[in-house]
Amino acid sequence: MRFKIIFLLILLVLAVCMQAAVEYYLEINPGAKPDIEKLSRLVSIHKIEGTKLFAYANERELAKLGEAGFSYIILPHPSEGFAAEMAATKSEMRDWDVYPTYDTYIDIMNQFAIDYPDICEVYSIGQSTEGRELMVAHIGDDLGEDDNEPEFYYMGQIHGNELVTSILLLHLIDDMLQAYGSDPRIDNIINEIDIYINPVDNPDGLYAGGNNTVNGATRSNANSVDLNRNFPCFEDGPHPDGNEYQVETLLQMEFAAEHNFVMGANLHSGAEVVNYPWDTWSTLHADDDWWQQVSHSYADAAQAVSPASYFNGFNDGITNGYQWYTTAGNHQDYMNWYEHCREVTLELSDVQMLPANQLLDHYIWNHESMLRYIEECLFGIRGVVTDDCGSPLAAVIRVLDHDMHHSEVLSDPHSGNYHRPIYAGTWDIEISAWGFESQVFQNISVGQDETVILDATLQIAALGELSGVVIDETSDLPVFGAWAVLADTPLEEVMTGSDGAFNLANIPIGEYELNVYASGYISAVYNVEITAGTNEIECILQPSEAISFESGDLPAQYDFSCSGNANWFVTDDDAHNGLFSVRSGDVDDREVTRLILVVDLVEAGNIDFWKKVSSEENYDFLNFYLDGSLENSWSGTSAWSNHSYDLTAGEHTFVWEYDKDTSVSNGSDCAWIDDILISGLPEVELVYGDVDDNGEVGAYDASLVQRYFVEMYPGAAAPLPWQYWRQLRADVDGNGSIEAYDASLILQYFVGMIDHFPVEELDKQ
């Protein structure tokens, strides 16, 4: 009987796993463009034809679709009934007109490095969800060296069932390696460009039917996640698809961060078009003219050697991604925004599950275009940025009055080289690096398909330091445990000691914004001009009774609690004042997260708080309830704003609730609350020894006093700012200063050696 139960449980688990892996192919009639935008956050759109939208969805997404009120038809999956011609050995792949098994694919990649060790190395950047390798071929004439060459990246098969992509890239690698040494054009490409090619980014999707066949290939990975919707998005937040980053996504992000890719492309099928940035929003890329030129160059070359029906749609074979249909979390926009790369999406076949006998034709139609696209990274403005000693610098190269939305490029910190593809014209270029004087080069003229060399040697900037003191406005006492930081610089923030002093050194002369903040105070911003030598500043902080969460946790002296599907938590990812705020818990569709605060007022007063929201507008809301009554709701994207409500004497319950609807996540999908100020509360009793204001005298109170006395730097465990009331509580011997003896007395009180403090005797006199 026990065996039968275990066996049934195993079958149940397998059934659940199989159900989770189901991938559906749908037809939807979307209606207006807003519906398409909503659908793009619900399902994985494949293409739009007239009034019909075709998409992929897993079980969870299918449920969301129905809950959102969209009707759909489930169609046969594109891989259904497909019978692939497979190659079980490398020799069977000789004509590139069949599909390789997984083992054959690995063998082919490794053989490239064996046959051409001087110009090709092959390695895995990691393993997929199911343990298959993500292989990369690195092609160049000087492998292993950091030199003055642009880095280029082709990636294929991020969608497992878009079969043409991996074969075209494998074929391209083979052709370039074989032609090196006999074809001057290929020699120039390999000698002048560091090329990286990853033919299969989603091996689990490609080999979903098993390692020996591509039959049954799926768009998504083994977790039923569309990898091309799984990257961070500059508009829709870190997890625009609502899924955790997949291992394949993390590997690609790490790989990109290790390089300084100038250009790249990710290959797809399901349409025939060059899709250029941006996909996420309607704002045009700063280099939109250049993008259209480069995209037409690819499309024109493909059209020149193919049937009239190939690559003839859209705008003569090209489209702006957003104008086609919007997506969030794709690799293209990630690379352009976060990595300052120039990446395009190449859709190379209307048919996803392409019959093997059409592979060679598609390669011939795209071969010239793919080479021409690689060569594009040789054109524009390029150079090397160094210091006086010739050491490479990590610099920012900005086209003045042109660059925006991360379109500026970065030099390689190891070699100092940079490459700025750009449309023909005359430009002003600023080259800057932290700690060095910027240089501006005016009227740099660049022609089409022309290379302009613009090297820069940056001079070390004159340095100064900023010495400051932070003072409590009410008591004129120094503030211990305040933080000072120069905005938009790599300098780390510093904390004040018991004398309220701080020092920031090695600052390039210039103008800066100094932010000073501390728990229990209103943060202050100062515009400072740093000159050579020591610059001094006095910073005044105004005490605040607002709940500011700067202790890094919900303050224990207030009656906070949480309810719903997740707890609110204190975070430093955004704040109205200082460093910390409290943020809504991470919830899924049709879930809520609540922060509850109960107070008892001795007289009429009010509650005043600041809030910020980043959510799907008109669908996901931050609600504020006062004593069970809904007072206000907010949705969409909003900056910090203040809200105030009158209160009567007596007990009140405040509830901040983040409520998600049935589908779609936009923005950061959360809300933040900060600086809650409540008037009408009873006077806070002066409790000697209770330095951390948690309602009791403990060992931590003694520790805080000792830290204050010896100015021990506490690192991440920063002490609480030393406000005037804290000074009174800590001076338990009543001599007007904080000393080690005060810490000793507090500890003696805690362990029961004494039952009162000397200052209490003085109070009686």
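The values are calculated or read from the model by the stated rules, or taken from the named source; none is laboratory data. These figures come from a predicted structure and were not determined experimentally. Positions of Cβ are backbone-derived with ideal geometry, glycine not excepted, and every protein chain shown enters the neighbour counts. The accessibility values were calculated without ligands, DNA or RNA, using every heavy atom of the protein model including side chains. Shrake-Rupley method; radii C 1.70, N 1.55, O 1.52, S 1.80 Å.
Could you point to the residue in Ala394, Ile509, His643 farthest towards the positive end of the chain's charge dipole, with +1 and -1 charges on the Cβ of Lys/Arg and Asp/Glu respectively?
Farthest along the dipole direction, towards plus: His643.
Starting from the 7 Å offset along Cα-to-Cβ, what nm value, one decimal, do you get for the label separation of Arg590 and Glu760?
The modelled label-to-label distance comes out at 5.8 nm.
Provide Rg over Rh for the range 451-540; use the alpha carbon set for both Rg and the Kirkwood Rh (inverse mean inverse pair distance).
Ratio of gyration radius to Kirkwood radius for the range 451-540: 1.12.
How big is the range 252-330 along each principal axis, measuring the range of its Cα positions in Å and listing the largest first?
Sorted from largest, the Cα extents of the range 252-330 read 41, 26, 25 Å.
Would you mind giving the average projected area, over all directions, of the Cα convex hull of the range 545-674 in nm² with one decimal?
Taking the Cα atoms of the range 545-674, their convex hull projects to 7.4 nm² on average.
In whole Å, what is the distance between the alpha-carbon centres of the range 79-150 and the range 514-548?
Going from one Cα centre to the other spans 57 Å.
Helix 247-257: angle to the longest alpha-carbon principal axis of the chain, degrees 0 to 90, nearest 10?
Compared with the principal axis, the helix lies near 90 degrees.
Roughly speaking, what is the stretch gain from Ser679 to Glu739, that is 0.36 nm per residue apart minus the C-alpha to C-alpha distance, in nm to one decimal?
Result for the pair: 18.2 nm of gain on full extension.
Find how much the distance from Val305 to Glu511 grows on full extension, using 0.36 nm per residue of separation minus their present alpha carbon separation; answer in nm with one decimal.
Difference between extended and current length: 68.4 nm.
Between Ser71 and Asp572, what FRET efficiency follows from the Cβ-Cβ distance if R0 is 41 Å, with the result rounded to 0.05?
0.40
Go through Cys389, Cys120 and list them by solvent-accessible area, largest first, probe radius 1.4 Å.
Reading off the accessible areas and sorting them downward yields Cys389, Cys120.
Using a 1.4 Å probe and counting only protein heavy atoms, arrange Lys660, Lys47, Lys33 so the residue with the most accessible area comes first.
Lys33, Lys47, Lys660
Would you mind computing Rg(Cα) / (2.2 N^0.38 Å) for the range 29-82, counting N as its residues?
Relative to the rule-of-thumb radius for its length, the range 29-82 sits at 1.12.
Check the straight Cα-Cα distances from Lys611 and name the lysines below 28 Å, setting aside those fewer than 8 residues away within the same chain.
The reachable lysines, counting only those whose Cα sits under 28 Å from Lys611, are Lys38, Lys660.
Given a 1.4 angstrom probe, I'd like the percentage of the accessible area of the range 397-525 that is carbon and sulfur, rounded to a whole number.
46 percent
Per residue, what volume in Å³ does the Cα convex hull of the range 177-327 take up?
Taking only Cα atoms, the range 177-327 has a hull volume of 174 Å³ per residue.
Rounded to the nearest 0.05, what FRET efficiency do Ala487 and Cys389 have when you use their Cβ-Cβ distance and R0 = 30 Å?
Computed FRET efficiency for Ala487 and Cys389: 0.50.
State log₁₀ I(q)/I(0) for the chain at q = 0.06, 0.07, 0.10 Å⁻¹ as given by the Debye formula over alpha-carbon point scatterers of equal weight, solvent excluded.
Ignoring solvent entirely, the Cα scatterers give -0.50, -0.66, -1.12.
Considering the alpha-carbon set of the range 328-424 alone, what are its Rg and its Dmax in angstrom?
Gyration radius and largest Cα-Cα distance of the range 328-424: 17.9, 59 Å.
Can you give the Kirkwood hydrodynamic radius for the range 66-154, in Å, rounded to one decimal and based on Cα pairs?
About 16.7 Å for the range 66-154.
What accessible area, in Å² to the nearest ten, does a 1.4 Å probe give for Arg398?
80 Å²
Which number comes out as Rg/Rh for the range 593-656 once both Rg and the Kirkwood Rh are worked out on C-alpha atoms?
1.01
So what is the relative contact order for the chain, in percent, with contacts set as C-alpha pairs under 8 Å and at least six apart?
Across the chain, relative contact order equals 9 percent.
In debye, nearest 20, what is the charge dipole magnitude of the chain about its Cα centre with +1 on Lys and Arg Cβ and -1 on Asp and Glu Cβ, if you could check?
Approximately 2380 debye in magnitude.
Heavy atoms of the protein only, probe of 1.4 Å, neighbouring chains included. What is the accessible area of Trp290 in Å², nearest 10?
Approximately 10 Å² of Trp290 is accessible to the 1.4 Å probe.
When the helices in the chain are scored as -39500 (n - 2.57) per DSSP H run of 4 or longer and the sum is shared across all residues, what 222 nm value do you end up with, to the nearest 500 deg cm²/dmol?
Value at 222 nm, helices only, nearest 500: -7000 deg cm²/dmol.
How much solvent-accessible surface does Arg185 expose, in Å² to the nearest 10, with a 1.4 Å probe and all protein chains in place?
Roughly 70 Å² of Arg185 is accessible to a 1.4 Å probe.
Kirkwood hydrodynamic radius for the range 156-258: how many Å is it when counted over pairs of different Cα atoms?
Mean inverse Cα-Cα distance, inverted, gives 15.4 Å.
Treating the range 363-404 as a set of equal point scatterers at the Cα positions, no solvent, please give the Debye-formula log₁₀ I(q)/I(0) at q = 0.29, 0.31 Å⁻¹.
-1.00, -1.04
Accessible area per residue, 1.4 Å probe, Å², for the chain: what's the number?
It amounts to 41 Å² per residue over the chain.
Roughly how large, in nm² to one decimal, is the mean projection of the convex hull of the alpha-carbon atoms in the range 389-543?
Approximately 11.2 nm², given one-decimal rounding.
What does the convex hull of the Cα atoms of the range 12-166 come to per residue, in Å³, rounded to a whole number?
Spread over its residues, the Cα hull of the range 12-166 gives 191 Å³ apiece.
Any idea what angle helix 2-20 forms with the longest principal axis of the chain, computed on alpha-carbon atoms, 0 to 90 degrees, nearest 10?
Compared with the principal axis, the helix lies near 80 degrees.
May I ask you to give the percent of accessible area on the range 569-696 that is carbon plus sulfur, with a probe radius of 1.4 Å?
44 percent
Kindly state, as a whole number, the per residue volume in cubic angstrom of the convex hull around the alpha carbon atoms of the range 482-592.
Spelled out: Cα convex hull of the range 482-592, divided by residues, is 126 Å³.
Relative to the compact-globule scaling 2.2 N^0.38 Å, provide the ratio for the alpha-carbon radius of gyration of the range 399-438.
Normalised Cα radius of gyration, the range 399-438: 1.26.
Suppose accessible area is computed on protein heavy atoms with a 1.4 Å probe; arrange Ser581, Ser519 from highest to lowest.
Ser519, Ser581
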